[in-house]
Amino acid sequence: MPLTLVSALRGRPEHVPPDFPDDDEDTGTGRTADTQPPSTLLAGKVGLGPVAARSGAVLRLAWCVVAPVVAYGSGPVAAPSYWRDVLVIGALLWGVSAAAVCWRGQLPHWLVLGDVAVSAALLVAAVRLLPTEVAGAAGSWVVGWAGVSILLASWRLRASLVWLVALAEVGAYLIGSRLAGRQTDSTEPFGLAQSIAGTAQAAGVLLALAAIGLVLVRLVRLGAGNAGRTISERNVARREDEVGRARLHDRGVRRLLLHDTVLTTLTAIARGGLEGRADVVRARCTDDLESLAGDPESDDPVRTGKQLVDVVQRQAAYRGLRVYVANGAPDDPLPAAVAAAFAAASREALSNVEKHAGTTEVGVAARGEDGWLELTVHDRGRGFDPATARSDGLGLSKSLTGRMSAVGGSAAVQSAIGRGTVVTLRWSAAEAQQAARAGLIHSVPEAPAPEPAETGPAAPSPAVVDEERILADRYTRYGLLALAWIGHFWQALSLGLLITSWSDYRSGWVAVGGWSVLFVVTFIQVYLVTFAGKRGHPSDWIDRHAWWISALSVAAALVVLLDCTPTGLLTPANWPIGVLGWILAVFAVRRPGLFDLAWLAVALTTLIAVAIAWDGSTTALAVALGVVFGAGIPQVGALVIVFELRRHATAAASALAEQHHLDADREARHAVTTDRAQRDAALNRDLFPLLRALASGSADPDSPIVRRRCELAAAEVRALVDHDDLTTPIATLDAVAAITRSARQRDIVPIVHLGEGLDVVSPGWQRTFTQLADRMLAEALPGEATLTVRGTPEEIAITFCFPTGTPAPQLESVAVGVGNQLVPDRRVRVDIEPDMTRTAWLEVTWDT
């Protein structure tokens, strides 16, 4: 994956949130930040790490609000002293500072360890912070504060370190409980402030929070990883498509450029069209070399309509044409793509005059205004019949019509035999806009202009919308999965709280009944999001069952609540409040308001029941507030993570789309550069030296030898141009180029025809074709040789026709021997004309 939301999975344990800004240490797998950088697009914005950090900020700040209320509202502490004020104020200052850092999306190691240290200090000093009856209790605010430290650690540290932190907090709690027991002369075993059951409850809660944090991050990261893989697979396909289009576009541009420049020039020299015009040959070859060396789509030096006419005049002079100009073109700037299209199309029109018109005079007329331009090239030559003109050639279909159509313009050719030819090139911004709206061109070319003022945010592209949907879907799926499984785990854990708090119920069997109902409810939720959700989105299944499950859960929780004794309301015997929070959190993902109200209703019912049972005791209410808040805060943190990830799905999708476009552009540039290097290798070796010699004057264009060289070079370029129809594989073009070079060395002009069926032939046939053709052409005499290759899924056939002095039996023997040598495991058949004289005709066929 070039970029995913879980970039830190590469070289980091899977449960560690990625993309924290301070990740500059070794990741533990031999990679450092220098060798494996995290995602800069997502870091600090929409990565899982920043989201977890902001969730931690919410949890810590919430306790900063509740802790002083509970601490000072619970009554006298077991060991009164000024240390309560010092510890509470110090914890608040630390908590607010830590929340501020976390809210910026940062969760550095020093903050996590510092928070653990503060929590451990509070646990050890519990005797100076809590009343005697609450010291060491699992529902105290000190234990709740420490629980947040464990959650922060689970979102930042390795799993092994998270468990060490949890055990350290349990150790600090045991020390604090022992100190509180000694202060209060406790008779409990080991001198603890609470019974073994109460102590086990508190230790179990701290360890359970470590498990919950790890499971939550693990599942959310799995969702992000799933989304990343899905988007990555889609982007790979999209990127391959974009790179392929870029390669085809470049091939088309280079193909037309070769046709319009080098091929035209070499053909004119070979046919003697520029005899006695050495100065024109030098200028023209120089111009061709510059065109091939530069950007094929560059409009330089064309910027305006008047400059375009100047370029047309120069191109006419290069072709030995006398030009008559009526320049009414505007001096307004043209869009770069439009100027390049006009320049290339007019060059092809002039080349057609040179090659076919039989005249050396041409007229050029231009007119236009701001926003449109019309250029006419006309001659009074021999003309032609448009009805009989080739429709598959490059000149009319591509160099003229194709180039103008690509920018939203048009090209019209009028001609008649004996009456000359008129080529009209036209472009207007209005017509280009209509073509763009009709989908005929990709975009409307625009002239250089100042940056327009911002008019508001642009609409997201379809790719961004699609990736946003994938991200939101995966976050929701795995978020629901995390909430449901954690709720089920918490419900199973609450059985231990129920058993150890049996004496705090009026009838323990009523509590067992309520526990059984809630256990079934959490199991149903797990089934819906884990198994039934595979046949549809989990949210759809949950929506169908939300109301009756919620009503049943609230009823069961209230039954257990009413079964609690007044003391039980202030102890973990009131465990349903925590389980109900996880159950309702699953539904809150889709309808947060309604189900949050349901949980708050139960929480307020608990506080009202405490107020009634304890005759409005503020101490009891403060303790109950700590119990309720401590039970509900983990669900708040989980929901914050899920909601934050869903809220940032748009930003994440935009970042991924941006990275995709960067990767696609980079790969396209590399692929195009590689293709050019491969295609130009033969030109650099054979063609360019000839052009340079002609441009410098060291080669005489009137020499028969030079003309022959130009004829052979033109044949090589023509083979490349004619066969590159933008669907022919590069390997096939390379084979044609190799055969052409081999023939040129033997003073043979090859004509290669690529027949039907080659697209269904298995890859790799081109090498055999090249080697076989090279060997057979060794038997040919100088002259013209025709090669035709065609294929089917079962066989490939190559037909040769060339002048030769080799007898037919010997030629057949050579073909059979070479065929068996090249494809020894295939059946080779040779069909030869036995009565040939000086021209050989044979067909070599082998099975694929």
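The values are calculated or read from the model by the stated rules, or taken from the named source; none is laboratory data. All values reported here derive from a predicted model rather than from experimental measurement. Cβ atoms come from the backbone with ideal geometry, glycine included; neighbour counts cover every protein chain shown.
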Members of the stretch 773-807 that are surrounded by fewer than 17 Cβ atoms within 10 Å (Cβ to Cβ), within 11 Å of A840 (Cβ to Cβ) and of a type in the set (G, A, S): G805
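Return the only residue of A731, A738 being part of a helix (DSSP H, G or I) and modelled with pLDDT of 80 or more. Even if it seems obvious, please write down each step before you answer.
Values: A731 fails: modelled with pLDDT of 80 or more.
A738 is the lone residue from the list that is part of a helix (DSSP H, G or I) and modelled with pLDDT of 80 or more.
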The stretch 355-387, residues that are outside any strand (DSSP E or B) and in contact with a Gly (Cβ under 8 Å, 6 or more places away or on another chain): K355, H356, A357, G358, T359, T360, R380, G381, R382, G383
Candidate set: the stretch 559-575, residues that are closer than 17 Å to G144 by Cβ and not small (G, A, S); chosen: the one surrounded by the most Cβ atoms within 10 Å (Cβ to Cβ): W575
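For every residue, the table says whether it meets (1) crowded, with 24+ Cβ neighbours inside 10 Å; (2) not in a helix (DSSP H, G or I).
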position: Q106; (1), (2): no, yes
position: G114; (1), (2): no, no
position: A117; (1), (2): no, no
position: A135; (1), (2): yes, yes
position: G139; (1), (2): yes, yes
position: G144; (1), (2): yes, no
Residue tally, condition in a loop (DSSP other than H, G, I, E, B) and surrounded by fewer than 23 Cβ atoms within 10 Å (Cβ to Cβ), over the stretch 322-344: 4
Test: residue in the stretch 208-219 that is modelled with pLDDT under 75, surrounded by 23 or more Cβ atoms within 10 Å (Cβ to Cβ) and either assigned to a helix (DSSP H, G or I) or β-branched (V, I, T) (or both): yes
Residue match in the stretch 235-247 (condition: at pLDDT below 80 and under 22 Å from A719 (Cα atoms)): yes
Qualifying residue in the stretch 346-355 (condition: modelled with pLDDT of 85 or more, buried (at least 20 other Cβ atoms within 10 Å of the Cβ) and either charged (D, E, K, R) or not assigned by TED's automatic domain parsing to the domain that holds D310 (or both)): no
Condition check for I89: under 28 Å from V217 (Cβ atoms) and at pLDDT 85 or above: no
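Here is a yes/no grid of residues against (1) modelled with pLDDT under 80; (2) touching a helix residue (DSSP H, G or I) at 6+ places or on another chain (Cβ under 7 Å); (3) farther than 18 Å from V377 by Cβ:
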site: V262; (1), (2), (3): no, yes, yes
site: R277; (1), (2), (3): no, no, yes
site: Q307; (1), (2), (3): no, no, no
site: G328; (1), (2), (3): no, no, no
Subset of the stretch 154-207 that is under 26 Å from L107 (Cβ atoms), of a type in the set (S, T, Y) and surrounded by 15 or more Cβ atoms within 10 Å (Cβ to Cβ) - its residue that is modelled with the highest pLDDT: Y173
Number of the condition not met by D774 [criteria: (1) at pLDDT 85 or above; (2) outside any helix (DSSP H, G or I)]: (2)
Residue list for the stretch 675-689, restricted to those being over 18 Å from A719 (Cβ atoms) and at pLDDT 75 or above: P689
